[in-house]
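Before anything else, here's the structure in question.
The values are calculated or read from the model by the stated rules, or taken from the named source; none is laboratory data. All of these numbers come straight from a predicted model, not from anything done at the bench. In this analysis, Cβ positions are derived from the backbone assuming ideal geometry, glycine residues included, and neighbour counts consider all displayed protein chains. What goes into the accessible areas is simple: the full protein's heavy atoms, side chains included, and nothing from ligands, DNA or RNA. Shrake-Rupley method; radii C 1.70, N 1.55, O 1.52, S 1.80 Å.
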Amino acid sequence: MGSAGPQFDIFSDYQNTIDGRLSSTKSTRHGVNPATGKPNPEVPVSTQEDVDNAVAAGLKAFESWKKTTWAERAKAVSAFADALEKHKDDFAKLLTQEQGKPIQFAQGEIAAGFTWLRAFLDLELKEEVIKEDDEKKTIQRYTPLGLVVGIVPWNFPVHLACGKIGPSVLTGNPIIIKPSPFTPYCDLKLGELAQQFFPPGVVQVLSGGDDLGPMLTAHPGPAKISFTGSSATGKKVMESASKTLKRITLELGGNDPAIVCKDIDVEATAQKVTSLAFLNSGQICLAIKRIYVHEDVYEQFRDAAVKFAQTIKSGEGNEEGVFLGPVQNSMQFEKVKTFFSDIEKEKWNVAVGGKNDDSKPGYFIAPTIIDRPAEDSRIVTEEPFGPIVPLLTWKDEDDVVKRANNTKMGLGASVWSKDLDEAARIAKQLDAGSVWVNTHLEVDPHAPFGGHKESGIGYEWSKGGLTAFCNVQSLFLKKKV
Ligand code: NAD
């Protein structure tokens with residue numbers, strides 16, 4: 001096993017993990033606590049040399065890791081999950097400090113991390129006999145691809161990293177995790193912790209600046225890039241990976257619609273739908289980003305949504321009762337504020353919110369509902385990735401389905417109704433990788449997670465997701481020459 005980690009202290013000494021060891025860099029940088037604007041500790045800025053070293057170590061590790069059995073790999077992943085659970089409170093604290101999400105949601109994300117790692121243990125890809133007769137046997141089997149690079153965004157750094165580490169190493173592939181420069185802390189510590197359970201080079205983590213992702217995708221060593229982030233970056237990853245025909249899985253942006261039918265409990269649905277738009281301050285690929293409400297219940301729904309939004313408490317994530325933390329970083333803060341500038345320009349009606357208090361430190365945005373903006377306005381067609389959401393009306397089923405699908409994105413969608421036949425009929429017409437009835441955002445490590453259209457290529461999690469870390473091989477065994 002690797003040497004880093006026996007004196008595991010989550011709150012200091014953030015270093016890369018390369019070839020089983022903690023590794024520092026000449027230059028360093030730091031993230032910012034988004035609730036206070038205060039700097040977080042220094043972290044490494046990896047260079048091309050660090051990338052070369054990590055890739056070499058990963059390729060070396062692959063030679064022996066690919067020969068281990070599923071049971072051996074599962075034992076290591078299971079012990080890693082247990083260790084993450086053991087340190088869950090500290091990880092959650094650090095996550096709130098670097099990402100901004102309220103502590104109860106940070107705890108939820110860490111729990112999702114170890115729950116997902118454990119769930120993958122059930123998904124062994126066994127050899128399958130496709131056909132057998134007296135003369136021959138044909139077997140379908142999966143072989144590992146090689147070294148994987150997992151690129152992670154800043155909204156769920158731990159959950160999404162665990163969702164890549166588990167499937168990759170369980171299928172026999174070492175992995176290098178590259179966190180977002182905005183949220184490197186928990187992921188660096190995940191890498192350090194992993195050294196207690198995996199041989200050197202099997203789980204490595206490199207932090208760096210904006211040039212680190214391109215260095216990794218362009219490197220000829222890795223066999224696959226598992227990327228989660230925006231659609232714009234996903235296209236760059238695909239272009240870069242194409243030079244060496246690396247395998248790719250792209251989990252990208254979304255613009256999820258929620259279609260609310262007239263046959264609902266208005267108060268309860270308005271509260272649930274609105275909270276699913278504002279959760280994680282709207283910074284979830286699968287957050288509800290457009291709410292289509294049947295015109296018969298529109299006003300009642302809007303008023304209930306406003307009433308709920310007015311009860312939402314924003315603040316630093318450790319304060320009692322906080323539901324809404326800050327937006328994660330200054331770049332995102334400025335981007336979300338452009339939608340607030342549009343309010344006056346576009347003469348949008350604001351149902352609630354609409355004004356931000358810039359006098360306080362931290363990247364706080366007031367939860368905001370825009371009442372019936374034009375269907376072609378930016379707030380409807382783009383992903384704000386902040387706590388601002390449009391409410392729209394509908395009356396004709398075909399029309400609302402067409403409007404819900406009228407986007408390049410296709411990540412998630414939901415339908416809300418007491419009439420389950422109606423809901424299922426509408427849901428099945430929606431072009432999205434995950435479709436829900438009477439909920440949204442509820443994901444499962446055993447179910448495929450991926451996007452249609454520009455929301456992604458391929459999918460992760462589930463048994464099928466694990467196959468994306470493998471080559472498929474047909475083995476033809478002739479019983480006699
Ligand atoms: P982003 O695309 O800016 O960055 C994602 C990651 O890619 C970061 O680690 C970043 O450093 C890295 N990166 C940036 N440029 C790169 C390049 N040229 N080559 C390789 N890597 C590069 O996304 P973000 O702002 O961190 O995250 C928000 C976006 O992610 C939203 O669009 C959201 O919908 C999406 N997202 C999707 C999912 C999903 O599973 N579909 C999950 C979470 C977030």
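Considering only the chain, what is the antiparallel percent among its DSSP beta bridges, to the nearest 5?
Antiparallel: roughly 45 percent of the beta bridges in the chain.
Okay, moving on. Under the rule of -39500 (n - 2.57) per DSSP H run of 4 or more residues, summed and divided by the residues of the chain, what mean residue ellipticity at 222 nm is obtained, to the nearest 500 deg cm²/dmol?
Dividing the helical sum by the residues of the chain leaves -11500 deg cm²/dmol.
Would you check the accessible area of residue 476, probe 1.4 Å, heavy atoms only, in square angstrom rounded to 10?
Result for residue 476: roughly 150 Å² accessible.
Tell me the carbon and sulfur percent of the accessible area for the chain, rounded to whole percent, probe radius 1.4 Å.
C and S atoms contribute 51 percent here.
Rounded to the nearest 10 Å², what accessible area does residue 442 show when all protein chains are kept and the probe is 1.4 Å?
Looks like 120 Å² after rounding.
Past the 22 Å Cα-Cα mark, which pairs from 262/428; 262/337; 189/243; 75/164?
262/337; 189/243
Would you check the accessible area of residue 459, probe 1.4 Å, heavy atoms only, in square angstrom rounded to 10?
That residue has around 90 Å² of solvent-accessible surface.
How far apart, in nm, are two points set 7 Å out from the Cα along the Cα-to-Cβ line at residue 318 and at residue 357?
Distance between label points: 2.1 nm.
By how many degrees, 0 to 90 and rounded to 10, does the Cα axis of helix 157-170 deviate from the longest principal axis of the chain?
Once rounded, the angle reads 30 degrees.
If contacts are Cα pairs under 8 angstrom and at least 6 residues apart, what is the relative contact order of the chain in percent?
Once divided by the residue count of the chain, the mean separation gives 19 percent.
Separate question: Please sort 431-438, 37-44, 162-169 by packing, taking for each peptide the average over its residues of neighbouring beta carbons within 10 angstrom, highest first.
Ranking, from highest mean packing down: 162-169, 431-438, 37-44.
How charged is the neighbourhood of residue 304? Take every other residue with its Cβ under 12 Å from the Cβ of residue 304, and add Lys/Arg as +1 and Asp/Glu as -1.
Around residue 304, the charge tally is -1.
Could you sort the peptides 45-51, 404-410 by per-residue average Cβ neighbour count (10 Å cutoff), highest mean leading?
Descending packing order for the listed peptides: 404-410, 45-51.
Let me have the relative contact order for region 176-228, percent, based on Cα pairs under 8 Å that are six or more residues apart.
Result for region 176-228 is 42 percent.
Roll a 1.4 Å probe over the protein chains and send me the accessible area per residue for region 256-444 in Å².
Per-residue value: 43 Å².
7 Å from Cα along Cα→Cβ at both residue 408 and residue 71: what's the point-to-point distance in nm?
Taking the two extended label points, one gets 5.0 nm.
Here's something else I'd like to know. For the chain, find the longest principal axis of its Cα atoms and tell me its angle to the long axis of helix 88-99, 0 to 90°, nearest 10.
Once rounded, the angle reads 60 degrees.
Also, quick follow-up: In region 256-444, what percentage of the DSSP-assigned beta bridges are antiparallel, given to the nearest 5?
Around 10 percent antiparallel, to the nearest 5.
May I ask for the angle, rounded to the nearest 10°, between helix 266-278 and the longest principal axis of the chain, with both axes built from Cα atoms and the value confined to 0 to 90°?
50 degrees
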